[in-house]
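Visitor: Got a structure for you, written out below as structure tokens; questions coming shortly.
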Amino acid sequence: MDDLYNLIQQRNSRETLPFLSIHSSNAYLRNHVDSLQARYEWLERQYLEQQQIVAEQQQAIELSINGAPTKVEARLREQIAKLQGDLRERIQNEVKYTADAIEASNELSKSREENSAQDATISNLRTELARCNEIIVHLQSELENSKSLASLADKQIDGLKDAIRSLQEENEEVTKLNKRLVDETVSDKERMADQLNNMNTTIECQQKEVNMLRSYAKMGKGQIGGLFRGLLGDKNLSASNTDNSKDPGENPKRQWGETCAVLPSQPLYTIKAHRDDASCVRYDGANLNRVATASSDATVRVFDTSNGQLEATFSAGGRLPLIGVDIGGDIVCGCGADKTCRVWQQQTKRMIHQLAGHSQKITCVRLFPCHKYIITGSADRSMRVWDISRHIYTQTTTFRHSSTSNCIDVSSETNSAVSGHLDGGIRFWDARTGDRVLDIPSLHDGGVTSVHFKPGNNNEILTNGRDSTLKVVDARTSTVIKTFLDPGFRTLTNQASSSFSPDGAYAAAGSGDSGDIFVWNVSSGDLEKRLSSHQCGAVGLAWGKGGNNGQQVASIDKSGVLILWA
């Protein structure tokens, strides 16, 4: 009640105080008008009485004129003159007073009009005040609701904070448990993978031995004896087999496990490997009867060199071309323009890793001899080493340089790698630390397209350049030992490959315009052979150790035709 009474008083003060002066002036003017009206009536009566007196005096004067004037008449005349002067003065005063009253009346009428306007204004203000009071009441009710909602929200926030705190504690516990479980799972899978790899290695070795024994069992007793003599230390296995053959004039056949070089002479198999442009070819160093190819049709294909048959096809799952490929044992890897390198398992035909980390296309890839690590080179001017031995791959080392790497090769004897770059130089790296151990700049004009460690001597490297020359470089002295070139040989792509023979006695490469295969003698520098069988430019060449059929050289051209040379 006190609050309501205070509100009423505040409203009355707002509605009354601004108009007190107007009400007081209105009352004063009404009283003044009433007084003027009474005085007017009194003056009118006085005027009528004086007129009557004047008339009587006029009559008396007229009577006196007719008779002789007396003292009384003279006195009356004086009185009449005096009364007339007083009357005249009174009339003037009353006229003046009447004018003032009329002016006051006009002012009063104006004041009344202003008062009526002010009354209308007051009415409007009262209406506006009532509306404002309603708005104030509504806002007060909303304020109370907001206060109640804010109080409820504060309570809910406090509850949510407690819930979040408890969830965070539970999350930390779950994260710790998850990390422990992941570590245990990874360790278990690593142990199982190692066991599986050992079993696969054992199975492959035993299978090779079984195949070898079966093939030699068919060759006859004398040749089996030659095999045992070779196993006991005779290095010239081909000669022993030649002596035991039925036809001494027949050319000796290349045997399983042979590492000497046999110069290619004619196509053994001509295969349409890809429907689109091919990019490279690689031999499997572990299973000598396999060769892998990559193409711009985003596929990697593996062929059996003993019969030329397709063993497997691995798809990158897109339209971007594959640029590099490598194969070793049960692992096949391919890299390309989609900035990733995919790793497949030969036995299951499934992808086991997709190596992502480069910011631009991957231009080359190589497997380390242990087949547990992969090195990739990219147009983002970096090379990365990946550990693929576990279920989840990890990046171990990154090599930074100032030019795009077109090609990589890894040493089979030491943990070192060599890379050829777009600036024409080659760089040597320690694969364990990522340190650059040697830099040979400006070796070729226009970029290096291929690098290959010499078998049995990793101090010498064969390079191919966009200047259409092959060079043998000594890493110990950083000098060029041999340079191979020919007017018909041209290098036209950044991934054009060249290769040493398995014994390092020869160097071979394919020409990018004619498709001819050139074979040079490393010692003399002379061109040994020039083979013409491709219908367009060759883009890749590989020279392997040879399987049980002795096939060693493979080349592929831009149209996707693969030739296995005999």
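The values are calculated or read from the model by the stated rules, or taken from the named source; none is laboratory data. Everything quoted here is computed from the prediction, not taken from an experiment. As a convention, Cβ positions derive from the backbone with ideal geometry for all residues, glycine included, and neighbour counts pool all protein chains shown.
Visitor: Just to be sure I understand, how many residues within the stretch 317-343 are in a loop (DSSP other than H, G, I, E, B) and in contact (Cβ under 8 Å) with a residue 60 or more places away in the chain?
Guide: Qualifying residue count for the region: 2.
Visitor: Mind counting the residues in the stretch 317-330 that are among the hydrophobic types (A, V, I, L, M, F, W, C) and either under 11 Å from GLY285 (Cα atoms) or surrounded by fewer than 21 Cβ atoms within 10 Å (Cβ to Cβ) (or both)?
Guide: Final tally of qualifying residues: 2.
Visitor: Which count do you get for residues in the stretch 268-310 that are surrounded by 16 or more Cβ atoms within 10 Å (Cβ to Cβ), assigned to a strand (DSSP E or B) and either out of contact with any His (no Cβ under 9 Å at 6 or more places or on another chain) or not β-branched (Val, Ile, Thr) (or both)?
Guide: Total meeting the criteria: 19.
Visitor: With (1) surrounded by fewer than 13 Cβ atoms within 10 Å (Cβ to Cβ); (2) under 30 Å from GLN46 (Cβ atoms) as the list, and VAL137 as the residue in question, which single condition is left unmet?
Guide: Against the list (1) surrounded by fewer than 13 Cβ atoms within 10 Å (Cβ to Cβ); (2) under 30 Å from GLN46 (Cβ atoms), VAL137 comes up short only on (2).
Visitor: Do any residues in the stretch 141-163 that are among the charged types (D, E, K, R) have Cβ atoms under 7 Å from those of residues that are surrounded by 10 or more Cβ atoms within 10 Å (Cβ to Cβ), where the two are at least six apart or on different chains, and which pairs are they?
Guide: Cβ pairs passing all conditions: none.
Visitor: Let me ask something else. Restricting attention to the stretch 442-476, and to residues there that are touching a strand residue (DSSP E or B) at 6+ places or on another chain (Cβ under 9 Å) and among the hydroxyl-bearing types (Ser, Thr, Tyr), which single residue is surrounded by the fewest Cβ atoms within 10 Å (Cβ to Cβ)?
Guide: THR469
Visitor: Grab the strands (runs of 3 or more DSSP E) fully contained in the stretch 344-386, keeping just those with 3 or more residues being surrounded by fewer than 17 Cβ atoms within 10 Å (Cβ to Cβ).
Guide: Of the strands (runs of 3 or more DSSP E) lying wholly inside the stretch 344-386, those with at least 3 residues that are surrounded by fewer than 17 Cβ atoms within 10 Å (Cβ to Cβ) span 350-356.
Visitor: I would also like to ask the following. Taking the options ASN548, ASN457, name whichever one is closer than 25 Å to ILE440 by Cα, at pLDDT below 95 and either assigned by TED's automatic domain parsing to the domain that holds SER412 or not aromatic (Phe, Trp, Tyr) (or both).
Guide: Just a single option satisfies the conditions, and that option is ASN457.
Visitor: One residue is enough: does the stretch 175-186 have a residue meeting the conditions of a type outside the set (Gly, Ala, Ser), within 25 Å of ILE392 (Cα to Cα), outside the structural domain of ARG390 (by TED's automatic domain parsing) and at pLDDT below 75?
Guide: Yes; the residues of the stretch 175-186 include at least one that is of a type outside the set (Gly, Ala, Ser), within 25 Å of ILE392 (Cα to Cα), outside the structural domain of ARG390 (by TED's automatic domain parsing) and at pLDDT below 75.
Visitor: Now for a separate question. (1) farther than 23 Å from THR363 by Cβ; (2) touching a strand residue (DSSP E or B) at 6+ places or on another chain (Cβ under 8 Å): which one isn't true of ALA538, the others all being true?
Guide: Result: ALA538 fails condition (1) only.
Visitor: Residues in the stretch 331-341 that are out of contact with any Lys or Arg (no Cβ under 8 Å at 6 or more places or on another chain), buried (at least 24 other Cβ atoms within 10 Å of the Cβ) and over 22 Å from ARG400 (Cα atoms): how many?
Guide: In the first step, residues of the stretch 331-341 are kept if they are out of contact with any Lys or Arg (no Cβ under 8 Å at 6 or more places or on another chain); the result is 331-332, 340-341.
This time we only want the ones that are buried (at least 24 other Cβ atoms within 10 Å of the Cβ), so: 332, 341.
Filter once more, keeping what is over 22 Å from ARG400 (Cα atoms): 332.
Number of matching residues: 1.
Visitor: Against the conditions (1) more than 44 Å from the chain's Cα centre (by Cα); (2) part of a strand (DSSP E or B), where does SER499 fall short? Just the number, please.
Guide: Of the numbered conditions (1) more than 44 Å from the chain's Cα centre (by Cα); (2) part of a strand (DSSP E or B), the odd one out for SER499 is (1).
Visitor: Please pick out the residue among ASP503, ASP557 that is among the acidic types (Asp, Glu), over 18 Å from CYS364 (Cβ atoms) and at pLDDT below 95.
Guide: ASP503 is the lone residue from the list that is among the acidic types (Asp, Glu), over 18 Å from CYS364 (Cβ atoms) and at pLDDT below 95.
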